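Asks: What follows is a structure written as structure tokens; I'll ask about it next.
What follows is calculated from the coordinates using simple rules that are stated; it is not laboratory data. Everything numeric in this text was worked out from a predicted model, so none of it was measured. Here the Cβ is made from the backbone with ideal geometry for all residues, glycine too, and neighbour counts use every protein chain on show.
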There are 2 protein chains.
Amino acid sequence: MSEQYLVDRDIEFLLYEFLDTEALLQRPRYREHSREVFDATLGTAKTIAEKYFANHYTKGDACEPTFDGENVTLVEETHKAWNAFAEAGFLAAHYDFDEGGMQLPEVILRSAMAYINAANVGSAAYPFLTLGAANLVHSFASEELKNRYLPPMMDGRYAGTMALTEPDQGSALADIRTTATPAEDGSYRLRGQKMFISGGDQPITENIVHLVLARIKDAPPGVKGISLFLVPKFIPASDVSEATRNDVQLAGLLHKMGYRNTTSTVLSFGENGGAIGYLIGEPHKGLSYMFQMMNEARIGVGTGAAVLGYRGYRHALQYAKERPQGRLPSNRDPQSKQVPIIQHADVRRMLLMQKSYVEGGLALCLYASSLFEDAHSAESESERQQAAELLDLLTPIVKSWPSRYCLKANDLAIQVLGGSGYIREYPLEQLYRDNRLNPIHEGTEGIQAMDLLGRKVPAKGLAGYKILAGEIGKTIAACSGDAELLVLAQCLGDSLTRLNGTTENLLGKLATDADLGLANAALYLDAFGRVVVSWIWLRQALIASQKLSTGSALSDEEENFYRGKLQAARFYIQWELPEIGPQLALLDTGNRVPFDMQRDWF
Amino acid sequence: MSEQYLVDRDIEFLLYEFLDTEALLQRPRYREHSREVFDATLGTAKTIAEKYFANHYTKGDACEPTFDGENVTLVEETHKAWNAFAEAGFLAAHYDFDEGGMQLPEVILRSAMAYINAANVGSAAYPFLTLGAANLVHSFASEELKNRYLPPMMDGRYAGTMALTEPDQGSALADIRTTATPAEDGSYRLRGQKMFISGGDQPITENIVHLVLARIKDAPPGVKGISLFLVPKFIPASDVSEATRNDVQLAGLLHKMGYRNTTSTVLSFGENGGAIGYLIGEPHKGLSYMFQMMNEARIGVGTGAAVLGYRGYRHALQYAKERPQGRLPSNRDPQSKQVPIIQHADVRRMLLMQKSYVEGGLALCLYASSLFEDAHSAESESERQQAAELLDLLTPIVKSWPSRYCLKANDLAIQVLGGSGYIREYPLEQLYRDNRLNPIHEGTEGIQAMDLLGRKVPAKGLAGYKILAGEIGKTIAACSGDAELLVLAQCLGDSLTRLNGTTENLLGKLATDADLGLANAALYLDAFGRVVVSWIWLRQALIASQKLSTGSALSDEEENFYRGKLQAARFYIQWELPEIGPQLALLDTGNRVPFDMQRDWF
């Protein structure tokens, strides 16, 4: 059985029908491009994904990174994958021509990354993190630092990491204890320990650029006293007479359930006098800078989760078409031929549920990337601002919804295969193990929930929320001429009305009692996600319905494609959206059962 | 952090408060026993679990079974665990004194197994399967076969397996192709291949008794032509001049995501002329015999799933009490002390959800074991029959509900720990991997759903269903004097009324269109399970409420214990039960979206 990682037709649909990516060609930054350039870029990504990443997906899991006290070893193919990615120019692709980049839109770069992630998420993490780290240096570092560190991060000589978490504070960034002491030459000396740092050490690149959150002596307490530092593994020869090892030590590797070919590290800074670090931007503003990388990473995590789910779905689908087993309940003749399991209604249900999750999740994430693009390159200031506000609002959903539901898609894919899904002779169990990381890193689901309800929704007088509600309203209005879509649109409209009421209600509670008001935020996040993804599906259904009704002759393949999108939209809106009913009821009544549960009652 | 596998107080509550296990002492079979005997039995199981099973839970996962083409190797501790279990007499514990057993009730044996499973489910599978296989021999084999094979299965010299699945038929037992040809001596020669056979080979016991489904030449097609055979790995010396290898070969081991210390095998029967097998019972009735073992195994799978969830919950709970991180949303002082994460409302929600799943699941499974006991030892024929009918109805729920929700509990436990939950330095990721098997083996969720709606509910004029509804009604009535429980009881009553309506509706559809009528059976299974577990929780809440209101002074510890049970019941009935609303609505309207989805639309 040949593996399908991502189906080109789906990406094409998302970029050019669901999103109007070709319209970007009208913007000054992209006038020199064409649809052909975009497609060729994706073609290159696909080739690299299949040739250099897919080949060691299983091997990198079975032979996970090792550390002998001196050196880290990865399976050899990881080096080649990194090199192929870098040599194709993807580490610099989104930068301007005059910076040495290809001036590609965000949504094209992220679609390219989707191919890479689908093929091998463990090896894709190295370029993924490097892209984010380089963007951070690009946005906030001094010209001098940029000149020294950006070029080698853009051509693949250096990799990057984000070093936030410490053993004693986990997600609570306010409690970071790594210190930075000014040195005479204007640099700093860092001391402290960081944990769960992905790619924190590896033998692939000649240097690693750690972007480290630390506290300068006498900084204000809490998040307002955190600064951002660039701490290289080696001080490059260009800076000193010859490249010297910085005082950053790998204390050990952590051993993950999945995502194994990405090293997860404990790093010690400054055990021998202090690691040399360079301040990025102004003191004490580090967290606000880091949020740029975190927000990018959150969209990236969502996309990664979606494509892991997507790959599992395609595998289960193909298996279900090929594997004969059993007969329909109405067939009592045991001598009749067994049917392919896709003919069993429950298998179809599991496949359709997966389809609604993974194609819905991928659409959501690429939509987020298009908002990111609009926030940077849309023509008017107000368009840019609207896009930024909507993206801010949606980021917790984009991070958490695919992480939860595309993991569930992997779970369903295993179930379609049964015993075969559970064994390592098939790829599904690895996809499931890999995907389990996504609800954790870059902010757990609980953190996304607090962020959505506590910050993103109320921000600027519900600015983002109002934009979203307006956009949903437009889609609903566009369904008015289509009797069948109208039914789905009404479900969505009713749900939005209910969500509006609950939101108002919760914001009122929040104002008087933050602890109680946020207590059930996780339910709100889930209900909100269901409304958003229903909208994403209704938009896709609208396109499908228009294509099917144009009267122009579609090929059978195209007709099937659009009918599938319509059916997935029906499924999501009829099967998944109604669950917000009980959720919003619990929120509206302010259910206190978990809140009131006492420590000693457990 | 010390591990708690099962908390004795919970088992004590379930056996002696939730179930009236002491009442068994009035039955003739148990008159020579006492509560002390039961407790000592559980104490022994706990000691063996902690001393011989828990010690290699991680090691048996990291060093999974290997096969060099000749021999299978397991970590050495597995042998000692088997021996300790056998030497304590547990393989024979439930048989009568005059058969060499301890004449122990089913619910005590299953509680004992719960301790063993919680400590190391991978090593527990060998005794678990042997118990079931021996029961099958005991129930249906000839005296001669019993004399030859039961004693060594009861004392631990032989292990047992169940060999149903074949590579080409998976769950479709009607299509079994292994053949059995009569030989002149009255035995049979078996030829065929079996797959996913747990414990199909291992180096622990001197012999393995395979219970194999096969088809005698010219047997009727389908399930009515399947016979059951006892096929030993070695023909014992007592049968022939010296023990000889039977023609059963290990074709290979399968490599599972979890449950790794249990070998999962592909077995070839009869590649060198034919494996010697002995018919059990009558020809062509093999599947009905095998259902005894499958039904026992289904309760066992549910219990195993529950205790894996339970262990993860206890781990996450202890971690949440000890791990300081962050502050409450209302606390804006970054210099204040961090709080243990159990103080975060969302962590409490995740813990309470786990508690409701794992304690609810364990209660459900031990209740099923008590029904099994009643079906065998209750005084009157009508009591025995009622228990059997109710157990038949509930078996698909007992198998599938804990398999789904106690796996979800493991998922939540990982989430409580965050990054630490995802790494092998903590036990949660292994529990999660192990537990993922449970929704698959002994009948997937889809199969349980078809069994429930297609067979168990309509059986004998809804006999089991009516008994269940009657029992639920009794519990609801018992809540009438308790204002707070009354609210919960009304929720359950309303849900049962809705379920009754949907059931009637679906059975009507089934009668006219089996394919469509069963299409959404998985939804029905889930809704049914929610009603059943709400009832299980209401029963527990009733006990807790009575204890709390007696006025007699409870210790703080006891008061907390009962308050926790009450709160978990509130949680389950208020948070989990209402989801049947949208589920039953889809069933009532006969939603056809997955059913109508076409193969080519995917």
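Asks: Taking the 0 to 90 degree range and rounding to the nearest ten, how far is the long axis of helix B:459-478 tilted relative to the main principal axis of chain B, both from C-alpha atoms?
Replies: For B:459-478 against chain B, the angle is about 30 degrees.
Asks: Quick one: Karplus J couplings for the stretch B:109-122, per residue in order, coefficients 6.51, -1.76, 1.60, θ = phi - 60°, nearest Hz, x for Gly and Pro?
Replies: 4, 6, 5, 4, 4, 4, 4, 5, 4, 5, 7, 5, 5, x
Asks: Based solely on C-alpha atoms, express the radius of gyration and the Dmax of the stretch A:8-155 in angstrom.
Replies: Cα-based Rg and Dmax for the stretch A:8-155 come out at 16.7, 54 Å.
Asks: Hey, what do the phi angles of the stretch A:381-392 turn into as Karplus ³J(HN,Hα) couplings, whole Hz, using 6.51/-1.76/1.60 and θ = phi - 60°, x for Gly and Pro?
Replies: Along the stretch A:381-392, the couplings run 4, 5, 4, 4, 5, 4, 4, 5, 5, 5, 5, 4 Hz.
Asks: Something else: Looking at the square roots a ≥ b ≥ c of the eigenvalues of the Cα gyration tensor of the stretch B:315-356, which shape do they give, rounded for a/c under 1.5, prolate if a/b is larger than b/c, or oblate?
Replies: Here the stretch B:315-356 falls in the oblate category.
Asks: For peptide A:439-447, compute the average count of partner chain beta-carbon atoms within 10 Å of each residue's beta-carbon.
Replies: Whole-number average of other-chain Cβ neighbours for A:439-447 is 4.
Asks: Label-point separation (nm) for A:Ala478 and B:Glu504, each offset 7 Å from Cα along Cα-to-Cβ?
Replies: In this crude label model, A:Ala478 to B:Glu504 measures out at 4.6 nm.
Asks: Shortest first and in nm to one decimal, what separations exist between B:Arg177 and its copies in the other chains, measuring from label points 7 Å along the Cα-to-beta-carbon line?
Replies: 6.5
Asks: Sticking with this one: Show me, bin by bin at 20 Å from 0, the whole-percent P(r) of the protein assembly as shown based on Cα pairs.
Replies: Distribution as computed: 11, 41, 36, 12, 1 percent.
Asks: Work out the mean other chain Cβ neighbour count within 10 Å for the residues of A:312-319 and drop it here as an integer.
Replies: For this peptide, the per-residue mean of nearby foreign Cβ atoms is 1.
Asks: What is the spin-label model distance, in nm, from B:Glu425 to A:Arg157 if the labels are put 7 Å beyond Cα along the C-beta direction?
Replies: Distance between the two pseudo-spin positions: 3.4 nm.
Asks: Can you give the FRET efficiency for A:Ala183 and A:Lys466, using 1/(1 + (r/R0)^6), R0 = 45 Å, r = Cβ-Cβ distance, to the nearest 0.05?
Replies: Plugging the Cβ-Cβ distance into 1/(1 + (r/R0)^6) gives 0.40.
Asks: Next question. Can you give me the Rg/Rh ratio for the stretch A:453-596, using Cα atoms for both radii and the Kirkwood formula for Rh?
Replies: Value, to two decimals: 1.08.
Asks: Check which residues have an amide H placed less than 5 Å from B:Glu166's amide H, if you skip close sequence neighbours.
Replies: Residues meeting the criterion, in which the H sits 1.01 Å from N, are B:Met195.
Asks: What list of ³J(HN,Hα) couplings, whole Hz, do you get for the stretch B:35-52 from phi and the Karplus terms 6.51, -1.76, 1.60, once you set θ to phi - 60° and write x for glycine and proline?
Replies: 3, 4, 5, 4, 5, 5, 4, 5, x, 5, 4, 5, 4, 5, 4, 6, 8, 10
Asks: Pull out the extension gain between A:Asp218 and A:Ser139, defined as 0.36 nm times the separation in residues minus the alpha carbon to alpha carbon distance; nm, one decimal.
Replies: 25.8 nm
Asks: What is the list of residues in the stretch B:144-164 whose amide nitrogen lies under 15 Å from a point 7 angstrom out from the Cα of B:Glu206, following Cα to Cβ?
Replies: B:148-159
Asks: Other chains near A:166-177: what is the mean number of their Cβ atoms within 10 Å of each residue's Cβ?
Replies: Rounded to a whole number, the mean comes out at 4.
Asks: Please determine, in degrees from 0 to 90 and to the nearest 10, the orientation of helix A:483-512 with respect to the longest principal axis defined by the Cα atoms of chain A, where the helix direction is its Cα long axis.
Replies: Taking Cα atoms only, the helix is inclined about 40 degrees.
Asks: Turning to a different aspect of this structure: Separation between the B:Asp588 and A:Thr550 pseudo-spin-labels, each 7 Å from Cα along Cα→Cβ, expressed in nm?
Replies: Roughly 4.2 nm, to one decimal.
Asks: If you don't mind, another one. Search the structure for amide H atoms under 5 Å from the amide H of B:Gly252, placed 1.01 Å from N in the peptide plane, and list their residues when 5 or more places away or on another chain.
Replies: Sorted by chain and number, the residues that satisfy this are B:Val266.
Asks: With Rg and the Kirkwood Rh both taken from Cα atoms, where does Rg over Rh land for chain B?
Replies: Computed over Cα atoms, the ratio is 0.97.
Asks: Working from the pairwise distances between different alpha carbons, so that the mean of 1/r is found and then inverted, what is the stretch B:158-284's Kirkwood radius in Å?
Replies: Over the stretch B:158-284, the inverse of the mean reciprocal pair distance is 14.7 Å.
Asks: Over chain A, what is the relative contact order in percent, taking alpha-carbon pairs closer than 8 angstrom and at least six residues apart?
Replies: RCO, chain A: 12 percent.
Asks: Give me the angle, in degrees from 0 to 90, between the Cα long axis of helix B:143-155 and the longest principal axis of the Cα atoms of chain B, rounded to the nearest 10.
Replies: Roughly 50 degrees, rounded to the nearest 10.
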